[in-house]
1. Given the conditions (1) touching an Asp or Glu at 6+ places or on another chain (Cβ under 9 Å); (2) closer than 22 Å to Gln34 by Cβ, and given that Glu138 satisfies all but one, which numbered condition is not satisfied?
2. Within region 175-184, does at least one residue satisfy the condition of being within 16 Å of ligand 1 (Cβ to nearest atom) and either in a loop (DSSP other than H, G, I, E, B) or over 22 Å from Phe95 (Cα atoms) (or both)?
3. Quick one: which of Arg188, Arg167 is without any contact (Cβ under 8 Å) to a residue 24 or more places away in the chain and within 16 Å of ligand 2 (Cβ to nearest atom)?
4. Does Phe174 meet the test of being under 23 Å from Ala225 (Cα atoms), in contact (Cβ under 8 Å) with a residue 40 or more places away in the chain, buried (at least 20 other Cβ atoms within 10 Å of the Cβ) and within 16 Å of ligand 3 (Cβ to nearest atom)?
5. Go through region 142-171 residue by residue and tally those that are in a helix (DSSP H, G or I) and surrounded by 18 or more Cβ atoms within 10 Å (Cβ to Cβ).
6. Taking region 111-131 on its own, how many of its residues are surrounded by 20 or more Cβ atoms within 10 Å (Cβ to Cβ), over 14 Å from the mean Cα position of the chain (by Cα) and touching a residue at least 60 places away in the same chain (Cβ under 8 Å)?
7. Taking the condition of being in contact with a strand residue (DSSP E or B) (Cβ under 9 Å, 6 or more places away or on another chain), surrounded by fewer than 21 Cβ atoms within 10 Å (Cβ to Cβ) and part of a helix (DSSP H, G or I), how many residues in region 46-73 meet it?
8. Name the pairs: first residue in region 133-159 and free of Cβ contacts under 8 Å to residues at least 60 places away in the same chain and of a type outside the set (Asp, Glu), second residue surrounded by 12 or more Cβ atoms within 10 Å (Cβ to Cβ) and part of a helix (DSSP H, G or I), Cβ to Cβ under 6 Å, at least 6 apart or on different chains?
Amino acid sequence: MEEENLPRHIGFIMDGNGRWAKKRAMPRNFGHKQGAAVFKKTVNWCRELGVRAATFYAFSTENWKRPADEVKGIMNLLRKYIKDIRAMAKEDVRFIFIGDLTKLDEDIQVELTDIMETTKQNTGFITGVALNYGGRAEIANAARLLAEKCVSGELEPGDITEEAFERELYTSKFPPLDLVIRPSGEQRLSNFLIWQAAYAEFVFMDVLWPDFKKKDLESAIEEYAHRSRRFGGV
Ligand code: IPE
Ligand code: IPE
Ligand code: MG
């Protein structure tokens, strides 16, 4: 595929783990475990296909509403995955964790901060993982940071342009978000990258995330390549 037809940055809403487990009469956390394995494979597929960055929605600001044992299970899975993430980082992958990480357990925060720091120079691929992430919270956070800069005199209110705003978002180091893929049959953003998706293309798929395969990624990219992106022009 021509490079210009390839999305530079894909957002994945990894949804359907619970239903996948339920279909097998297994606990929801079994679905999350399977989903995490698919995350790892998807990073490699994206890279093989020539995509430059991918962000995975792993835990939203709203997901704290779930039963405590499910939340705990997801956090423990993350702890286990930190090892895999470190191995992936050795392959020139830069990791950026987006969201309010300060609400995560201290040991997880320490690891995630360290991974971000030690992979800063990697340029082969950018993997974003959204944890305690909410698009509205991200926008409110950017507004707060800009307000602080105005108070300190670093900025004037008139300097607050779209570009200045984007520099305060968690995704300032990512290429533009071209495509959002949501499996599981739901057709909504659920507070994922709402600023960044303003002109992204959307592909909703019926497959549940733990069943997501390379052919599904290829078919989403194929569909993207045939979309006519006008950005308000003609
Ligand atoms: C997505 O799968 C994973 C997280 C939100 C952590 P779900 O757990 O939402 O799966 P369904 O939607 O209930 O099937
Ligand atoms: C979105 O899925 C969040 C993640 C995939 C992490 P949800 O399952 O939480 O979204 P809703 O509740 O269907 O909107
Ligand atoms: Mg869901």
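1. (2)
2. yes
3. Residue meeting the stated conditions: Arg188.
4. No.
5. Narrowing region 142-171 to residues in a helix (DSSP H, G or I): 142-151, 157-159, 162-167.
If we keep only those that are surrounded by 18 or more Cβ atoms within 10 Å (Cβ to Cβ) too, we end up with 142, 146.
The number of residues fulfilling the criteria is 2.
6. The qualifying residues number 0.
7. Total satisfying the criteria: 4.
8. Ala142/Phe165; Leu155/Lys149; Pro157/Cys150
Readers should treat all values here as calculations from the given coordinates under stated rules, not as data from a laboratory. This structure is a prediction, so every number in the text was calculated from the model and none was measured. Here Cβ is always computed from backbone atoms with ideal geometry, including for glycine, and neighbour counts include all displayed protein chains.
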